[in-house]
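Nothing in this text is a laboratory measurement; each read-out follows from the coordinates by a stated rule. The model shown is predicted, which means the values in this text are computed figures rather than measured ones. Here Cβ is always computed from backbone atoms with ideal geometry, including for glycine, and neighbour counts include all displayed protein chains.
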Amino acid sequence: MTTTTDLRPPRTRRRAPRRTALCALAVLLAGGAGLAYGLTDLPGSAADDPDRAAAGAPPSPAEAGTATGLHPELERRFLAAQRAAAADDVPLTLTSGLRTAAEQQELVDEAVARYGVPEAYRWVLPPEHSAHVQGLAVDVGPTAGAYWLQQHGPDLGLCPTYANEVWHFELLPEGAAACPEPRPDSSWAW
């Protein structure tokens with residue numbers, strides 16, 4: 001069985017802007033679980049431009065995961081999910097992928113300063129436990145896309161990980177026939 005550390009991608013790709021991760025956290029924490037479902041597409045995505053989407057334009061690098069340093073299998077599965085969602089006329093975009101340990105720690109520090117430890121820890125993992133830091137997690141949007149992936153992701157090898165984060169997905173564990181039950185939130189790792 002392959003361990004998580006064996007799945008780490010080479011760090012040769014450019015990571016997504018820090019702003020994306022910070023915006024996702026701001027949306028997340030500003031409204032708790034209710035408003036967090038309203039994640040929006042990245043600027044420049046096909047979903048932002050109806051003419052580009054109608055023309056069948058390929059996904060932007062952020063939508064495709066190519067600029068995020070995702071593990072290649074996660075990237076492949078996300079792109080397959082994106083194509084399947086598009087066939088169902090559902091927009092599905094990548095809102096966050098790979099984060100550095102420093103970026104993840106900054107998200108933790110900001111959340112703790114603003115909301116306090118118990119609430120922040122429900123939404124943000126420390127860098128040593130975050131699958132984002134390993135390139136093994138994606139956050140998706142908009143809301144319709146996140147719900148579509150909740151329903152169809154397991155069939156595509158993408159598992160919802162946390163009950164309070166409908167936008168967060170990780171790879172189906174190697175050798176598993178089904179996704180594990182989502183954890184209630186990320187407080188397990190503290």
For region 150-190, how big is Rg over Rh, using alpha carbon atoms and the Kirkwood form of Rh?
0.97
Of Gly145, Trp190, Pro173, which is farthest towards the positive pole of region 71-190's charge dipole, taken about the Cα centre with +1 and -1 on the beta-carbons of Lys, Arg and Asp, Glu respectively?
Gly145
Counting other Cβ atoms within 10 Å of each Cβ, which GluC sites (Glu not before Pro) in region 160-190 have at most 15 and sit in a DSSP loop?
Glu174
Roughly how many whole Å is it from the C-alpha centroid of region 159-181 to that of region 90-108?
17
